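J.: Dropping a structure here in structure tokens format, bear with me for questions.
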Amino acid sequence: MLNKYARAFFTRVLTPFAAMLLRAGVSPDVVTLVGTCGVMAGALVFYPMGEFFWGTVVITLFVFSDLVDGNMARQLGRSSRWGAFLDSTLDRVADAAVFGGIALWYAGRGDSLLLCAVTIFCLASGQVVSYTKARGESIGLPVNVNGLVERAERLVITLVLAGFSGFETTFGVPHIGVLLPIALWVVAAGSAVTLGQRVVTVRREAAEVAQAEEQGRTA
């Protein structure tokens, strides 16, 4: 849902920056790798310590690499299968780092096995949501559905509320730490709904293809 509107806006905003990197001789693949490493560092260094504000700041600085590298490839006119594969693969790694860092906090000093489990569910369901679309497309189905909570929504909800929840430990704002658990429950529920939407869509599309093939054989 957010992909449809936010991606177009940020693409326009980041185009001059992408052009500058190209003039400096930086390749899109390097931007992809550096961005992923930055997100992993922010998530796995700061989040397990409960530093959600600074962790989110670091992650936000690097997360836009996902838009910059694609913009650079389009400006070069050489979007490739390899670039698309690398970008998609490292997106999954970055997502796992974000939720993994939060899970480590709740498994340790955060002291909540329930929220640790919810975070792990967010991590796993996000990966499976992405897999269902990739797998459906690999068998020739369009998987034509806009899920309730896709990758952009998962990241925006989690990072924004995690950042605000960090105001409690970093700036002493009372009671605001509750925003992170709220974010996790919302993402978990939304991911479950999205997974269901994609499974139902793939089942329907597969049945339609099978029916068309059967009619073709009997015609």
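J.: List the number of the failed condition for Val186; all other conditions in (1) part of a helix (DSSP H, G or I); (2) within 29 Å of Phe85 (Cβ to Cβ); (3) open to solvent by 60 Å² or more (accessible area, probe 1.4 Å) hold.
T.: Checking Val186 against (1) part of a helix (DSSP H, G or I); (2) within 29 Å of Phe85 (Cβ to Cβ); (3) open to solvent by 60 Å² or more (accessible area, probe 1.4 Å), the one that fails is (2).
J.: Please pick out the residue among Gln215, Gln197 that is over 23 Å from Leu115 (Cβ atoms), among the polar types (S, T, N, Q), within 21 Å of the chain's Cα centre (by Cα) and assigned to a helix (DSSP H, G or I).
T.: Details: Gln215 fails: within 21 Å of the chain's Cα centre (by Cα).
From the options Gln215, Gln197, the qualifying one is Gln197.
J.: I've got another one for you. Take the stretch 189-219 and flag every residue that is of a type in the set (Asp, Glu) and closer than 30 Å to Phe121 by Cα. Can you show your working first?
T.: Initially, the stretch 189-219 is screened for residues of a type in the set (Asp, Glu), giving 205, 208, 213-214.
Within the stretch 189-219, Glu205 is the sole residue that qualifies.
J.: Take the stretch 40-95 and flag every residue that is modelled with pLDDT under 95, among the hydrophobic types (A, V, I, L, M, F, W, C) and within 21 Å of Gly177 (Cα to Cα).
T.: Those that are modelled with pLDDT under 95, among the hydrophobic types (A, V, I, L, M, F, W, C) and within 21 Å of Gly177 (Cα to Cα): none in the stretch 40-95.
J.: Another question, if that's okay. Only residues that are open to solvent by 50 Å² or more (accessible area, probe 1.4 Å) and part of a helix (DSSP H, G or I): list them for the stretch 163-179, please.
T.: Hits for the stretch 163-179 are Phe164, Phe167, Glu168, Thr169, Phe171, Val178.
J.: Where in the stretch 46-162 are there helices (runs of 4 or more DSSP H), lying fully within it, with 3 or more residues that are in contact with an Asp or Glu (Cβ under 8 Å, 6 or more places away or on another chain)? Give the derivation first.
T.: Numbers: elements: 52-63, 65-76, 81-107, 113-138.
Helices (runs of 4 or more DSSP H) meeting the threshold: 65-76, 81-107, 113-138.
J.: Now a separate question. Scan the stretch 196-219 residue by residue and report those that are small (Gly, Ala, Ser) and at pLDDT 95 or above. Show your work before the answer.
T.: As a first pass, look at the stretch 196-219 and keep what is small (Gly, Ala, Ser): 196, 206-207, 210, 212, 216, 219.
Answer for the stretch 196-219, where residues must be small (Gly, Ala, Ser) and at pLDDT 95 or above: Gly196, Ala206, Ala207.
J.: Taking Glu150 as the residue in question, decide whether it is among the acidic types (Asp, Glu) and surrounded by fewer than 16 Cβ atoms within 10 Å (Cβ to Cβ).
T.: Details: among the acidic types (Asp, Glu): yes; surrounded by fewer than 16 Cβ atoms within 10 Å (Cβ to Cβ): no.
So Glu150 fails the test.
J.: Of these, Gly35, Gly50, which one is under 27 Å from Ser138 (Cβ atoms) and open to solvent by less than 40 Å² (accessible area, probe 1.4 Å)? Break it down stepwise before answering.
T.: Values: Gly50 fails: under 27 Å from Ser138 (Cβ atoms).
Unique residue meeting the criteria: Gly35.
J.: Same structure again: Need the failing condition index for Met49 against (1) closer than 30 Å to Tyr106 by Cα; (2) in contact with a Gly (Cβ under 6 Å, 6 or more places away or on another chain); (3) in contact (Cβ under 8 Å) with a residue 40 or more places away in the chain; (4) among the aliphatic types (A, V, I, L, M), just the number.
T.: Unmet for Met49, out of (1) closer than 30 Å to Tyr106 by Cα; (2) in contact with a Gly (Cβ under 6 Å, 6 or more places away or on another chain); (3) in contact (Cβ under 8 Å) with a residue 40 or more places away in the chain; (4) among the aliphatic types (A, V, I, L, M): (2).
J.: For the stretch 3-19, check the following and say yes or no: at least one residue is touching a residue at least 60 places away in the same chain (Cβ under 8 Å), buried (at least 21 other Cβ atoms within 10 Å of the Cβ), under 17 Å from Leu159 (Cα atoms) and not aliphatic (A, V, I, L, M).
T.: We begin by selecting, within the stretch 3-19, every residue touching a residue at least 60 places away in the same chain (Cβ under 8 Å); these are 3-4, 6-7, 11, 15.
With buried (at least 21 other Cβ atoms within 10 Å of the Cβ) added as a condition, the list becomes none.
No: zero hits.
J.: It is to be established whether one or more residues within the stretch 207-214 are under 18 Å from Glu51 (Cα atoms) and open to solvent by less than 70 Å² (accessible area, probe 1.4 Å).
T.: From the stretch 207-214, those under 18 Å from Glu51 (Cα atoms) are none; that's our starting set.
Among the residues of the stretch 207-214, not one is under 18 Å from Glu51 (Cα atoms) and open to solvent by less than 70 Å² (accessible area, probe 1.4 Å), which makes the answer no.
J.: In addition: Output the number of the condition that Ala117 fails; it satisfies all remaining conditions of (1) among the aliphatic types (A, V, I, L, M); (2) open to solvent by 20 Å² or more (accessible area, probe 1.4 Å); (3) farther than 20 Å from Ala96 by Cα.
T.: So the condition that Ala117 fails would be (3).
The values are calculated or read from the model by the stated rules, or taken from the named source; none is laboratory data. Please read all numbers here as calculations on a predicted model, not as lab measurements. Every residue, glycine among them, receives a Cβ derived from its backbone with ideal geometry; neighbour counts consider all protein chains shown. Only protein heavy atoms, including side chains, enter the accessible area calculation; ligands, DNA and RNA are left aside. Shrake-Rupley method; radii C 1.70, N 1.55, O 1.52, S 1.80 Å.
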